[in-house]
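Novice: Have a look at the structure that comes next, please.
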Amino acid sequence: MDNVSSLFVGLGAWNWLILAVLFFVLELVAPGIFLIWFGIAAGIVGALALLFDVAWQWQLVLFAVMSLAAVITARRYLRTQEAQSDRPPLHRRALRYVGKTYVVADAIENGRGKVRIGDTLWRVEGPDAAEGARVKVTGADGNTLMVEPDKA
């Protein structure tokens, strides 16, 4: 028997269960919801190898098929699931400022300028306004705030 086949025959189904645990640990170290699917496939192959007498060659084929099926299924499922948050603009910080009024720090000229929010200067776009004028944030495009003169 060659080295590869003796490795698979020696531990049998435990190879797959050890591999599954290894994939799960690697998923914890390098998160990204990718290695977990290979771990699930290895666990299923290990369980099937414990229950049925399956040649190691077919175990490899089964692992490849199960891995492919798990990744495809996960991609389809995760792509259709929109991440729900109790704080929707959490990763779109600029949206937090919509509806609020700020003072222009750098005059808005030719439609562009800056406002100070806390200790940060934010780029803004909107009608021209002098430094010190008050503007209301109406929207955001990336990290650029859309403003209009404050009527209050």
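The values are calculated or read from the model by the stated rules, or taken from the named source; none is laboratory data. Everything quoted here is computed from the prediction, not taken from an experiment. Here the Cβ is made from the backbone with ideal geometry for all residues, glycine too, and neighbour counts use every protein chain on show.
Novice: Do we find that Tyr102 is over 24 Å from Trp16 (Cβ atoms) and modelled with pLDDT under 90 in this structure? First the steps, then the outcome.
Specialist: Details: over 24 Å from Trp16 (Cβ atoms): yes; modelled with pLDDT under 90: no.
So Tyr102 does not fit the description; no.
Novice: Residue check: is Leu62 modelled with pLDDT of 90 or more, under 29 Å from Phe24 (Cβ atoms) and either assigned to a strand (DSSP E or B) or among the hydrophobic types (A, V, I, L, M, F, W, C) (or both)?
Specialist: When the stated conditions are applied, Leu62 passes them.
Novice: Name the residues in region 99-134 that are outside any strand (DSSP E or B) and farther than 17 Å from Lys151 by Cα, would you? Explain how you work it out, then say what you get.
Specialist: In the first step, residues of region 99-134 are kept if they are outside any strand (DSSP E or B); the result is 99-100, 110-111, 118-119, 126-128, 130-133.
Asn110, Gly111, Gly118, Asp119, listed by residue number.
Novice: Another question, then. Take the residues of region 39-55 that are aliphatic (A, V, I, L, M) and more than 22 Å from Ile72 (Cβ to Cβ): which is surrounded by the fewest Cβ atoms within 10 Å (Cβ to Cβ)? Even if it seems obvious, please write down each step before you answer.
Specialist: Within region 39-55, the first condition is being aliphatic (A, V, I, L, M), and the residues that meet it are 40-42, 44-45, 47-51, 54-55.
Within this subset, residues satisfying the condition of being more than 22 Å from Ile72 (Cβ to Cβ) are 49-51, 54-55.
Values: Ala49: 23, Leu50: 14, Leu51: 9, Val54: 16, Ala55: 12.
Within region 39-55, the match that is surrounded by the fewest Cβ atoms within 10 Å (Cβ to Cβ) is Leu51.
Novice: Okay, next question. Restricting to region 103-152, count the residues that are over 16 Å from Arg93 (Cβ atoms), touching a residue at least 24 places away in the same chain (Cβ under 8 Å) and not β-branched (Val, Ile, Thr).
Specialist: Within region 103-152, residues that are over 16 Å from Arg93 (Cβ atoms), touching a residue at least 24 places away in the same chain (Cβ under 8 Å) and not β-branched (Val, Ile, Thr) number 12.
Novice: Anything in region 7-22 that is closer than 17 Å to Trp58 by Cβ and modelled with pLDDT under 80? List them, or say none.
Specialist: The answer is Leu7, Phe8, Val9, Leu11, Gly12.
Novice: Something else: Quick check: anything in region 29-38 part of a helix (DSSP H, G or I), at pLDDT 90 or above and surrounded by 12 or more Cβ atoms within 10 Å (Cβ to Cβ)?
Specialist: yes
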